[in-house]
1. In the full protein assembly as shown, how much of A:Y195 is accessible to a 1.4 Å probe, in Å² to the nearest 10?
2. For B:K54, place a label point 7 Å from Cα along the Cα-to-Cβ direction in every copy; what are the distances to the other copies, in nm, shortest first?
3. Largest first, please: the extent of the C-alpha atoms of the stretch A:261-324 along each principal axis, to the nearest Å.
4. With charges only on Cβ, +1 for K and R and -1 for D and E, what is the dipole size of chain A about its Cα centre, in debye, rounded to 20?
5. Identify all lysines with a Cα-Cα distance to B:K248 below 20 Å; exclude those on the same chain that are fewer than 8 residues away in sequence.
6. How large is the direction-averaged shadow of the alpha-carbon convex hull of the stretch B:145-205, in nm²?
7. Which distances, in nm and shortest first, link the B:G198 label point to the same label point in every other copy, taking 7 Å along Cα→Cβ?
8. Across peptide A:109-118, what mean number of C-beta atoms from other chains lies inside 10 Å of a residue's C-beta?
2 protein chains.
Amino acid sequence: MQNSPDKSSGVYQENSYLFSNYAILAARLNRFRRTYNRYSQMSKTRPSLKDIAKELNISVTTVSFVLNGKGREKKISKEVIERIEKYIESINYKPNPIARSLRTGRSGILVFMVEDISNYFFAKLARIMEDLGYKHDYKMIFCSTENNDRRSKELIHLFRERQVDGFFLIPSSGIEKEVKNLIRQQVPVVLFDRYFPGLETNQVMIDNGDAAFSATEHLINQGYKSPAFITTDVKQTQMTERLEGYEKALKKYGLTPNILKIPFSEIHSAAGKELIATFLSNNPETDSMFFATNYLTQSGLEVIKYKFPGWLDSNGVLTFDDNDLFRINTPSITAIAQPLEEIGKHLMSMMMTLVNSSKPSEVAIQQQCLKAELIQRESTQRH
Amino acid sequence: MQNSPDKSSGVYQENSYLFSNYAILAARLNRFRRTYNRYSQMSKTRPSLKDIAKELNISVTTVSFVLNGKGREKKISKEVIERIEKYIESINYKPNPIARSLRTGRSGILVFMVEDISNYFFAKLARIMEDLGYKHDYKMIFCSTENNDRRSKELIHLFRERQVDGFFLIPSSGIEKEVKNLIRQQVPVVLFDRYFPGLETNQVMIDNGDAAFSATEHLINQGYKSPAFITTDVKQTQMTERLEGYEKALKKYGLTPNILKIPFSEIHSAAGKELIATFLSNNPETDSMFFATNYLTQSGLEVIKYKFPGWLDSNGVLTFDDNDLFRINTPSITAIAQPLEEIGKHLMSMMMTLVNSSKPSEVAIQQQCLKAELIQRESTQRH
DNA sequence: CTGAAAGCGCTAACAC
DNA sequence: GTGTTAGCGCTTTCAG
């Protein structure tokens, strides 16, 4: 028996190996050892599907089916379904999501990647998305890219590996290729805030150009003759469109544009504030400033407060992106408010159509362009 | 051969099963089918450890060891190590973190649970933690509990299941049991902002009582005779300590406390603002207000601006928690600033000692109580 | 209708 | 030094 009677047969060769007494005993020993370890750990480890099946004397398959609500579909008997559900309930069993992810490739997690989660606009939107995700049984996770390509790429990779089910993305300028890749690999992606002009993506934007145009027109209508535009040197759509809106309005009224571009790296620094101060000194005719983002406005207000006190008494200020404290400031600041709730709603509904499709890249491209609202406050009331 | 010669032997019985022609063939068929499926998917699927091992003609063990930097320890030859590393590099292989988590029970993720991620204080701290985590090779994820027990518990469960490696927690009042459980189960937990008086936990707090005392004393020294304290009805430590600090100072100077407690549910609502307005009307002797949190201050400033214009010209305002815009406001607002960077630093270093221990619950309890800083601004300068 | 078993990709105990 | 293999907990195909 120890030797295979027919060396030429693969089947027998395989068996001859199995028949070696040593091999058999070693295998059994191993088996016992595993089982032992299994039981000795049992007390600390949570019950698994297998445990439930064993306890109920049915197979894991059946339990799994019931667990995933496929009981009826798989024609499992009512009594069995009930018995399983009752037991699961009673021991408060929850399937291990990691194991499930490993098997299914899905995770129930959506990522929300913004420039800086501590910025008011992004933080508020994140909060809204967190609740919306919750409603759809998705967990949202957030991260800050600093509008930096390397960091964005790293984060995309990281989450991709962790099997997140979809990306809400404020893209930094150099990640077009990564975004394309995600889409090609059937990963649901929705862009917002800014987009790639050459790339057809699912996205929800606001009409930056229109909003900036109206805002500038508002300044002009209020009697300001020389509105300046304070922006950054970022070349992404959200910024270029705002600039164009401003320029278009000035052109319409035959005024001369006056633009200050602050390097992105300096937007939170003293050097950035210095640039604003210098600009204001060098352009004394400026009777109003339109800031392209809320952090620029903060810097601007600080400069005005400490270096040009009284400037606001006779001059105007207007900002893109609202903020609770702009309402409270004296004077309160006229602001272009993005419709956060609406943005969130559209983002989530687009994402849901994508995650529910087996071929997200073949879902018809969805694009939304929302209107922002100009909230007129004291800072643009001519006295 | 088909029948076991000795039915009484378990060994032979097992083999007799294996020897059934049908069973063997079915098994082989299955095997082939799987393999086929495997290869047919190959093009879309990322390379796995097994693929690498096959390609390099070595075992997965060896590759795994090298991958985890155990090459030297396991005495794997230099050439092999190099060969593996080069290949891994060349195909840009990254191990699947889900599979790794399933196996190891760890995830490389830390959770940061706060009351409301869109609140300035929490958002800023989150941003700091995100960067600190990154430095220690941990991914941070954030979520908002709304200081609500049910939600906190759900989130803790959710993340616990997902094998997060540790919790930074601002506990809501009713989750003491859950926190205890986590600790008992050897899950690293660090509390901050507030704590459970009866429970010895790893924590980093600030000296709320001292800060509130000094701030109140500052008001009194500035000549304010009747400072009011505007707080919420929340009974957690961060709030009760602030209140005590205020009361202690008033007592020291023989003044009468005047306290407004706004229900937590109304802190962001119009009703909350109404309460402040009513308070101010009913207590005309109030010559300064000390707000216990930054959102109360926002409400307060709004009420003052729209219902009591000019009030700030002769009265004072002071706030717990700083905010960029308090600096910019006119008048700029005197604030108690928490040392965010320092809090973050301590939180992370405590967490690292916990995650690096095999028995986190046996690590000596670590507690830090940091000092907050009073930043004097215009809103408390007597004119 | 239910069960057996493969396999997701990795780790690590153990064999040799 | 290196290879074999069980097993983490689940899903799902296929058999019967």
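The values are calculated or read from the model by the stated rules, or taken from the named source; none is laboratory data. Remember, predicted model here, so these are calculated numbers, not experimental data. Glycine also receives a Cβ, built like all others from the backbone with ideal geometry; neighbour counts cover every protein chain displayed. Protein only, heavy atoms only, side chains kept; ligands, DNA and RNA dropped before computing areas. Shrake-Rupley method; radii C 1.70, N 1.55, O 1.52, S 1.80 Å.
1. 60 Å²
2. So the label point of B:K54 gives 3.3 nm to the other copies.
3. 29, 27, 19
4. Roughly 2360 debye, rounded to the nearest 20.
5. Straight-line reach from B:K248, under 20 Å: B:K225, B:K235, B:K261, B:K371.
6. Result: 3.8 nm².
7. Label-point separations across copies, in nm and ascending: 6.6.
8. Partner Cβ neighbours, averaged per residue: 3.
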